[in-house]
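Heads up: the structure comes next, in structure tokens.
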Amino acid sequence: SHVTVPSTSITMTGGKIKNLFGGNYGAKDKTAETMSRVTGDVNISISGDAIVDNMLYGGGYWNTCVEGNVYLDFKNVDLSADNTTSLYVNGGVYGSGAEGTRDIDNGKMDTYAVANNVVITAENSQFYLLGAGGSGSTKVGSGSVELTDCKVDILFLSGINGEVETSSITMNGCEIKDFAATNRGFVGVGSVDINNSTVVNLNTGASEGCFQSDSGSRDGSGVTGSVTYDIDANSTITNAVLTPTVKSDSGNYEASFINVSISKDGEPLNLSVNGFQPNDSKTVTNFTVPEGSTLKLDNVNAEIAEKQSVTNAGTIDVATST
């Protein structure tokens, strides 16, 4: 049965647990009558030798919501794959798909499993996978991630799936292996500030392999409104790839660059447009800048690989900093 609590607060300074959910444990369905809720805030603080091994979701499990804020704070913790069973840290709700319906055309999740506002702060910490959103057919209203002197293997503006309406990431002095706006699911409006940091692989939109798991014939992933990347002169991006918002329908893929803005200070950023692989058996080579959308590149060297095409029905704005 559904449960309502005013708030939750969890502080870990040591010890090891398998799973940690800040919100409630809801029913495995998508009806308002069975929804559990936290009417106020979720506060989770993890520091020192504390370890969560498998899953850490601020918003709770299945059909549950957080009406206030979800605060996740990490200080001096090692939650890397070396120290955990490849821990997923997500600000939103853990879902499997049963808690909502995917509205592919509009890039939304119709669901009651919503965390209204997620705030993640971390310093001097290590993570395997981190994102402000949730998974399954869940939603986060607004997400904010601030990382200082952190190391992350996999970082998303979203969660592992689901929808985040607005999401921002600010990193200072960080080392990131793989960054993408989304894995599977949608970001409405995203912004990324990269300062004094290194990113090995940066995908501006969806991550490759986004439709490899349980996706049906109608699916989608990417940024539906706009995404902005600001990279300072002290940051290094090894492999930057312009990846699309992509929709799949019975094996046909539609790939778009929707209002992408990338700005680099100092040395120019080398950005490539390669064949995008939504799954192992398919490569998309035709991309569109749709009507009403702008692809803005400031101090960016864009290279379109052989046999790729970019159709411009919108605006492509290329500026060179001096």
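Structure data summary
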{"quantity": "Check on Ala302, out of contact with any helix residue (DSSP H, G or I) (no Cβ under 6 Å at 6 or more places or on another chain) and closer than 15 Å to Tyr229 by Cβ", "calculated": "yes"}
{"quantity": "Qualifying residue in segment 265-281 (condition: open to solvent by less than 80 Å² (accessible area, probe 1.4 Å) and of a type in the set (D, E, K, R))", "calculated": "no"}
{"quantity": "Residue match in segment 212-234 (condition: over 24 Å from Thr138 (Cβ atoms), of a type outside the set (Ser, Thr, Tyr) and assigned to a strand (DSSP E or B))", "calculated": "yes"}
{"quantity": "Conditions (1) open to solvent by 10 Å² or more (accessible area, probe 1.4 Å); (2) touching a Phe, Trp or Tyr at 6+ places or on another chain (Cβ under 7 Å); (3) among the β-branched types (Val, Ile, Thr); number of the one not met by Val89", "calculated": "(1)"}
{"quantity": "Counted residues, segment 111-141 - those being outside any loop (DSSP other than H, G, I, E, B), among the small types (Gly, Ala, Ser) and buried (at least 19 other Cβ atoms within 10 Å of the Cβ)", "calculated": "3"}
{"quantity": "Filter pass, Ser96 being in a loop (DSSP other than H, G, I, E, B), on the phi > 0 side of the Ramachandran plot and not aromatic (Phe, Trp, Tyr)", "calculated": "no"}
{"quantity": "Scan of segment 39-62 for residues that are touching a Lys or Arg at 6+ places or on another chain (Cβ under 9 Å), small (Gly, Ala, Ser) and open to solvent by 10 Å² or more (accessible area, probe 1.4 Å), ordered by number", "calculated": "Ser45, Ser47, Gly48"}
{"quantity": "Number of the condition not met by Gly188 [criteria: (1) open to solvent by 10 Å² or more (accessible area, probe 1.4 Å); (2) under 25 Å from His2 (Cα atoms); (3) assigned to a strand (DSSP E or B)]", "calculated": "(2)"}
{"quantity": "Considering residues of segment 142-171 that are open to solvent by 10 Å² or more (accessible area, probe 1.4 Å) and outside any strand (DSSP E or B) only, the residue nearest to Asp230 (Cα to Cα)", "calculated": "Asp149"}
{"quantity": "Pairs where the first residue, in segment 293-312, is assigned to a strand (DSSP E or B) and the second is of a type in the set (D, E, K, R) and open to solvent by 50 Å² or more (accessible area, probe 1.4 Å), C-beta under 8 Å, 6+ apart", "calculated": "Thr294/Asp317; Leu295/Asp317; Lys296/Asp317; Leu297/Asp317"}
{"quantity": "Yes/no for Asn201 being in a strand (DSSP E or B) and either touching an Asp or Glu at 6+ places or on another chain (Cβ under 9 Å) or touching a residue at least 40 places away in the same chain (Cβ under 8 Å) (or both)", "calculated": "yes"}
{"quantity": "Selected residue (criterion: least open to solvent (accessible area, probe 1.4 Å)) from residues of segment 3-30 that are without any contact (Cβ under 8 Å) to a residue 60 or more places away in the chain and assigned to a loop (DSSP other than H, G, I, E, B)", "calculated": "Gly22"}
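The values are calculated or read from the model by the stated rules, or taken from the named source; none is laboratory data. Source: prediction; values computed, not measured. Glycine gets a Cβ as well: all are built from the backbone with ideal geometry, and neighbour counts include every protein chain shown. Please note that ligands, DNA and RNA were not included when accessible areas were found on the heavy atoms of the full protein model with its side chains. Shrake-Rupley method; radii C 1.70, N 1.55, O 1.52, S 1.80 Å.
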